[in-house]
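J.: Have a look at this one before I ask anything.
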Amino acid sequence: MKKILLIALISVIAFSQDYYKEALKYHKCLGVECDLEKTKELYIISCNEKSYKACNNLATIYNEENNPDSLQKAEYYYKLSCEYNNNDGISCGNLGIFYSNTLKDDIKAEPYLFKGCKANIKDACMQLAFVYINTNTNLDRTAKIFEHYCKLNDQNSCFNLGQLYLYNDKMKNKKLGFENHLKACNMDNAISCKNIAILYVKHNNLFKAFKYFKKSCGLGEQEDCKKALGIVIYFIKNLKN
């Protein structure tokens, strides 16, 4: 009896995978013309056979359609993907990102994003950090998330960590704010270079301010070109005096 059940289970999985692979062909135009309706039909069959990948891809299609009816379907299929993948971080993380980014519901998003982040899914971690910032909670955990990815040379994480330390009242630490903006600037984050320059202006170090306004200018911040020029003009006037 157990052998029969095992054979039946293997047959169901193989059946589901065949439909999933066929759906991918129409979804990604692999040897056939793209056909979104055919893609959906095949993903639905595969999802009904508990293929979490099919459920997730189907949810993503409905999410991208971005109308009330489609978003309800997206939520339904993201939930199934999370459930069928045994509450795995990847599938559940996608559900959390959907709740946070699309439905703007951080309360629903948080537990799913937490699962995703625990599984080291970067997008889930980043979204979780912003949920914490929006609610002004778990800011130590937020800092750890940004710090982790900053150490992996992700300039946006260094920038976000710098912002957290400079401007959040609960976490304010100008030294750490400066250090992390400097890291981001060294990775060519223009806004971080601007922030470094502003900090130097506040400390009356115009030589250093000029250096970083000039760099942010070179990275596309046109207003900072004027600020760098303004410092040059200031020095020229002082030399004449």
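J.: Among the residues of the stretch 71-80, is there at least one that is open to solvent by 70 Å² or more (accessible area, probe 1.4 Å) and modelled with pLDDT under 95?
T.: Within the stretch 71-80, none of the residues are open to solvent by 70 Å² or more (accessible area, probe 1.4 Å) and modelled with pLDDT under 95.
J.: Condition first: buried (at least 18 other Cβ atoms within 10 Å of the Cβ), without any contact (Cβ under 8 Å) to a residue 60 or more places away in the chain and not in a helix (DSSP H, G or I). Can you find one or more residues in the stretch 193-214 that meet it?
T.: No, the conditions are met nowhere in the stretch 193-214.
J.: Would you point out the residue of the stretch 31-65, among those that are in a loop (DSSP other than H, G, I, E, B) and in contact with a Ser or Thr (Cβ under 8 Å, 6 or more places away or on another chain), that is farthest from residue 79 (Cα to Cα)?
T.: Checking each candidate, the answer is 49.
J.: Continuing with this model, one more query. Only residues in the stretch 81-97 that are surrounded by fewer than 24 Cβ atoms within 10 Å (Cβ to Cβ) count as the first member; pair them with residues that are of a type in the set (D, E, K, R) and assigned to a helix (DSSP H, G or I), Cβ under 7 angstrom, at least 6 apart or cross-chain, and list the lot.
T.: Every condition considered, the pairs that remain are 87/115; 89/115; 89/118; 97/123.
J.: Restricting the stretch 137-153 to residues that are under 16 Å from the mean Cα position of the chain (by Cα) and not in a helix (DSSP H, G or I), which is surrounded by the most Cβ atoms within 10 Å (Cβ to Cβ)?
T.: 153
J.: With respect to residue 104, determine if the residue is surrounded by fewer than 17 Cβ atoms within 10 Å (Cβ to Cβ) and touching a helix residue (DSSP H, G or I) at 6+ places or on another chain (Cβ under 6 Å).
T.: No, not satisfied.
J.: If you check every pair at least six apart or on different chains, which have Cβ atoms under 9 Å apart with a residue in the stretch 64-75 that is touching a residue at least 24 places away in the same chain (Cβ under 8 Å) and closer than 11 Å to residue 102 by Cβ first and a residue that is in a helix (DSSP H, G or I) and open to solvent by 60 Å² or more (accessible area, probe 1.4 Å) second?
T.: That search, which allows pairs on different chains as well, returns 71/65; 74/64; 74/65.
J.: Here's something else I'd like to know. When both residues are 6+ apart or on different chains and their Cβ atoms are under 6 Å apart, which pairs have a first residue that lies in the stretch 225-237 and is under 9 Å from residue 213 (Cα atoms), and a second that is assigned to a helix (DSSP H, G or I) and open to solvent by 50 Å² or more (accessible area, probe 1.4 Å)?
T.: Close Cβ pairs (under 6 Å, with a partner that is assigned to a helix (DSSP H, G or I) and open to solvent by 50 Å² or more (accessible area, probe 1.4 Å)) amount to 228/210; 228/214.
J.: When you look at residue 134, is it open to solvent by 80 Å² or more (accessible area, probe 1.4 Å) and under 30 Å from residue 76 (Cβ atoms), yes or no?
T.: Yes; evaluated as a whole, the condition is true for this residue.
J.: Looking at the stretch 164-177, is at least one residue open to solvent by less than 70 Å² (accessible area, probe 1.4 Å), over 17 Å from residue 142 (Cα atoms) and at pLDDT 95 or above?
T.: Within the stretch 164-177, not a single residue is open to solvent by less than 70 Å² (accessible area, probe 1.4 Å), over 17 Å from residue 142 (Cα atoms) and at pLDDT 95 or above.
The values are calculated or read from the model by the stated rules, or taken from the named source; none is laboratory data. These numbers were taken from a predicted model, which means no experiment stands behind them. A quick note on method: Cβ atoms are made from the backbone with ideal geometry, for glycine too, and the neighbour counts reach across all protein chains shown. For the accessible areas, the whole protein counts, side chains as well, though only heavy atoms, and no ligand, DNA or RNA atoms are used. Shrake-Rupley method; radii C 1.70, N 1.55, O 1.52, S 1.80 Å.
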